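A.B. asks: Below are the C-alpha cells for one structure; questions will follow.
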Amino acid sequence: MRFNQRFPNNMTRFVLPSSAAVIVGGGSGNRFGGDKLTVLLAGKPLIAHTLSAFEGTVAVSAIVLVVPPGREEEFRTIAREEGISKLTSVIPGGEHRHESVRRGLEALPPGVELVAIHDAARPLITPDLITSCLEMAAQEGASALAVPVTDTLHRIDASGCAAGTVDRTTLRAMQTPQVFCAAEIRDLLATVSGNPTDEVSVAVAAGKKVSLVEHHKPNLKVTWPHDLVMAEALLRASGGKRERQNEK
C-alpha cells in the first residue's frame, strides 16, 4: 500500500492512512520489582510520557491502552490528568503479550488502517520516530524501530564459557513501535501459537516482510530499576519534554 499524493506544484506529499496506537502495558513488572508504569519519571508517571508522545503525533487519531487487569480506572485518571485526548479505550491485558495486543486490536475504533503497537514502558519514544514508522509501513506494508547491535556477541557452551563469536553485522535489536495493517496483524494474532515476544516475530513467521526504521535515539524499555535512572537522566537532559508535531 502506498499513500503518496502528487500536488500541482509537482511536490509529493506523503498522505498517511487512518492510524492508531495500541500501547501495551499489561505485564506484571516482576523484573522491575513493582509497578513501573506509574512510578515517577521526571516528575510524571512513566506511562504519561509514553501517552504524550502518541498524543503529540499528528497522524495518530486514537490510542488504546492495555493495562494490568483491575487497574483500568487508575490509568484513565492518569491520562485525564495529563490531558490525553486521543485515548479511546483502556482495557485489561491477557496472560501473555500477544493476548494483550490482540485485545487492544479488538478495541480499535472502526476504520483504522494502520496500527502502531508500542511497549508502554518505552517512555522516550518521540512523535518523529512514531511518524517515521507509520510512513515506512504505509510504503512497505509493515515496519518496526530497530537499532544496530554494537556489543560483541559470543555463543556460550554448556558450562557458560565463551564458545564462539557471532557476526553482528546482520543483527538488529528490535524496539517499538511496530506498525502493521490493522486487519492483517489482527488475523495473524488470532492464529498464533506459542508465546512470541513481539509482533515482528509473528509477521516473519507468517512469511511477511517487515521493513526496519533504524535509528540511534534513546528508546530504552524500562525493565530493571537501573533503567529508570537512565531514562530519568535522558529525559532531564532533553528538558523533560515531548514536543507535539505541528499540523501540516
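The values are calculated or read from the model by the stated rules, or taken from the named source; none is laboratory data. For clarity, every value in this text was computed on a predicted model and none was experimentally measured. Positions of Cβ are generated from backbone atoms using ideal geometry, with glycine treated the same way; all protein chains shown enter the neighbour counts.
A.B. asks: Would you check which residues across the stretch 155-172 are of a type in the set (Val, Ile, Thr) and closer than 30 Å to SER211 by Cβ and list them?
C.D. replies: Correct list: THR165, VAL166, THR169, THR170.
A.B. asks: On to the next question. Keeping to the stretch 190-238, report how many residues are surrounded by fewer than 15 Cβ atoms within 10 Å (Cβ to Cβ), hydroxyl-bearing (Ser, Thr, Tyr) and touching a residue at least 12 places away in the same chain (Cβ under 8 Å).
C.D. replies: Result for the stretch 190-238: 1.
A.B. asks: Sticking with this structure for a sec: Hey, any hits in the stretch 89-106 for a residue that's surrounded by fewer than 18 Cβ atoms within 10 Å (Cβ to Cβ), within 14 Å of ILE185 (Cβ to Cβ) and in contact (Cβ under 8 Å) with a residue 40 or more places away in the chain?
C.D. replies: yes
A.B. asks: Then there's this: Which ranges mark the helices (runs of 4 or more DSSP H) fully within the stretch 49-141 that have 1 or more residues being in contact with a strand residue (DSSP E or B) (Cβ under 8 Å, 6 or more places away or on another chain) and over 25 Å from HIS215 (Cβ atoms)?
C.D. replies: Filter on the stretch 49-141 gives 72-81, 97-106.
A.B. asks: What's the total number of residues in the stretch 70-96 that are in contact with a helix residue (DSSP H, G or I) (Cβ under 9 Å, 6 or more places away or on another chain) and either closer than 14 Å to GLY25 by Cα or not polar (S, T, N, Q) (or both)?
C.D. replies: 15
A.B. asks: Still on this model: For the stretch 154-245, which fully contained strands (runs of 3 or more DSSP E) count at least 3 residues that are not hydrophobic (A, V, I, L, M, F, W, C)?
C.D. replies: Numbers: elements: 162-166, 172-181, 211-214.
Strands (runs of 3 or more DSSP E) meeting the threshold: 172-181.
A.B. asks: A further question on this structure: Could you list, in sequence order, the residues of the stretch 38-47 that are over 10 Å from ALA121 (Cα atoms), hydrophobic (A, V, I, L, M, F, W, C) and surrounded by 21 or more Cβ atoms within 10 Å (Cβ to Cβ)?
C.D. replies: Passing the criteria: only LEU41.
A.B. asks: Here is a further query. Just checking, how many residues over the stretch 157-181 are closer than 26 Å to GLU140 by Cβ, in contact (Cβ under 8 Å) with a residue 12 or more places away in the chain and not small (Gly, Ala, Ser)?
C.D. replies: Number satisfying all stated conditions: 11.
A.B. asks: Report whether or not ALA21 is hydrophobic (A, V, I, L, M, F, W, C), at pLDDT 95 or above, more than 22 Å from SER211 (Cα to Cα) and not in a loop (DSSP other than H, G, I, E, B).
C.D. replies: Details: hydrophobic (A, V, I, L, M, F, W, C): yes; at pLDDT 95 or above: yes; more than 22 Å from SER211 (Cα to Cα): no; not in a loop (DSSP other than H, G, I, E, B): yes.
In short, no.
A.B. asks: Among the numbered conditions (1) within 20 Å of the chain's Cα centre (by Cα); (2) within 28 Å of GLU232 (Cα to Cα), tell me where MET136 comes up short.
C.D. replies: (2)
A.B. asks: Condition check: among the hydroxyl-bearing types (Ser, Thr, Tyr) and surrounded by fewer than 21 Cβ atoms within 10 Å (Cβ to Cβ). Does SER61 satisfy that?
C.D. replies: It is true that SER61 is among the hydroxyl-bearing types (Ser, Thr, Tyr) and surrounded by fewer than 21 Cβ atoms within 10 Å (Cβ to Cβ).
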